[in-house]
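Before any comments, here is the structure.
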Amino acid sequence: MLAAQRRDLLLDRLRRDGRLVAKDLAAELGVSEDSVRRDLRELAAAGLCQRVYGGALPVSPAVADYAGRERVEPDSKRRVAAAAARLVEPGSTAIIDGGTTALEVVRALPLDLTATVVTHSPTVAAALVEHRDVEVFLLGGRLF
């Protein structure tokens, strides 16, 4: 079997089974585990799978663009955000990462909160504009 055919087979199996185990595939295909691992590395580099110890998984939805990630598990993100927002006490300083879940955290913060937020995300910083008593520091300078 040619390497290209083997990679096509691996992708078909990944779609069908939802995971690939390098050791099992090597035995089934009669090739070395190194060959399978090399194929999986190439598929991962092309964005077609996610390499994990011992094999591969389908590409994570988190690899999607920002708009696509906003649609992944929105209810779960809101629940996590509500719990995280309760941890931000008045007068405290919070460092908030970027991403869709972090944006939900900002949306869950009370508008009358007095706090300081440090972030690298312009999206998170812009979402805090309505929070008049939150001082926002953005990588590169202070947001006024």
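The values are calculated or read from the model by the stated rules, or taken from the named source; none is laboratory data. None of the values given here were measured: they were computed from a predicted structure. We place every Cβ from the backbone using ideal geometry, glycine too, and count neighbours over all the protein chains shown. Please note that ligands, DNA and RNA were not included when accessible areas were found on the heavy atoms of the full protein model with its side chains. Shrake-Rupley method; radii C 1.70, N 1.55, O 1.52, S 1.80 Å.
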Checklist outcome for this item: residue 131 fails exactly one of (1) open to solvent by less than 70 Å² (accessible area, probe 1.4 Å); (2) closer than 30 Å to residue 60 by Cα, namely (2)
Checklist entry - Would a scan of region 88-100 turn up a residue that is open to solvent by 30 Å² or more (accessible area, probe 1.4 Å), free of Cβ contacts under 8 Å to residues at least 40 places away in the same chain, more than 30 Å from residue 15 (Cβ to Cβ) and of a type in the set (S, T, N, Q)? => result yes
Checklist entry - Could you count how many residues in region 101-113 are open to solvent by 30 Å² or more (accessible area, probe 1.4 Å) and assigned to a helix (DSSP H, G or I)? => result 4
Checklist entry - Considering region 18-50 alone, what residues qualify as being among the charged types (D, E, K, R) and open to solvent by 80 Å² or more (accessible area, probe 1.4 Å)? => result 19, 23, 24, 28, 34, 38, 41, 42
Checklist entry - Given 123, 116, which one is outside any helix (DSSP H, G or I), touching a residue at least 12 places away in the same chain (Cβ under 8 Å) and open to solvent by less than 90 Å² (accessible area, probe 1.4 Å)? => result 116
Next on the checklist: With part of a helix (DSSP H, G or I), open to solvent by 40 Å² or more (accessible area, probe 1.4 Å) and in contact with a strand residue (DSSP E or B) (Cβ under 8 Å, 6 or more places away or on another chain) as the only criterion, which of 13, 78 stands out?
Outcome noted: 13
Item to check | From 91, 98, 47, residue being on the phi > 0 side of the Ramachandran plot, under 15 Å from the mean Cα position of the chain (by Cα) and part of a loop (DSSP other than H, G, I, E, B) | outcome: 47
Checklist entry - So is residue 56 open to solvent by less than 60 Å² (accessible area, probe 1.4 Å) and in contact with a helix residue (DSSP H, G or I) (Cβ under 6 Å, 6 or more places away or on another chain) or not? => result yes
Checklist entry - For region 59-71, how many residues are closer than 21 Å to residue 122 by Cβ and either surrounded by 13 or more Cβ atoms within 10 Å (Cβ to Cβ) or small (Gly, Ala, Ser) (or both)? => result 6
